Amino acid sequence: MRRSEFLRAVSVEFGARGPALLSDLVLSDVGDRTASAAIDAGVPPREVWLALCAETDVPLARRHGAGRLEPRRS
């Protein structure tokens, strides 16, 4: 997962709450850091995404592949 995919996934899943969650919610799974701090510290975006999903009880079905654009159709 790239950072852009991570940010897209956060936007789709959390909408207007996304930016606040990234800067305010401390995630124990990434070293007791916020999502933004974890990414800035070099934690892979996929790991941060999964930690954010676990902390906010996002259903498993919406975690995998989130943030990826749909393939282009010919």
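Taking LEU52, LEU60, LEU21 in turn, the Gaussian network model of the chain (Cα-Cα springs below 10 Å) assigns the largest fluctuation to LEU60. Counting beta carbons within 10 Å around each of THR56, THR34 and listing the fewest first gives the order THR56, THR34.
Length available on full extension from SER4 to ARG63: 0.36 nm per residue minus the Cα-Cα distance, which gives 19.7 nm. Relative to the longest principal axis of the Cα atoms of the chain, helix 3-14 runs at roughly 90 degrees.
Using the Karplus relation 6.51 cos²θ - 1.76 cosθ + 1.60 with θ = phi - 60°, the per-residue 3J(HN,Hα) values for region 26-41 come to 8, 10, 5, 5, 10, x, 6, 10, 6, 4, 4, 5, 5, 5, 4, 7 Hz, with x marking Gly and Pro. Residues whose amide H comes within less than 5 Å of that of ARG33, counting only those at least five positions distant or on another chain, are LEU27 (H built at 1.01 Å from N in the peptide plane).
Note on GLU47 and LEU25: their simple-model spin labels are 1.9 nm apart, each label 7 Å out from Cα toward Cβ.
Just so you know, all these numbers are worked out from the coordinates, no wet-lab data involved. Nothing here was measured: the structure is a model prediction, and the numbers come from that model. Backbone-built Cβ (ideal geometry, glycine too); neighbour counts: all protein chains shown.
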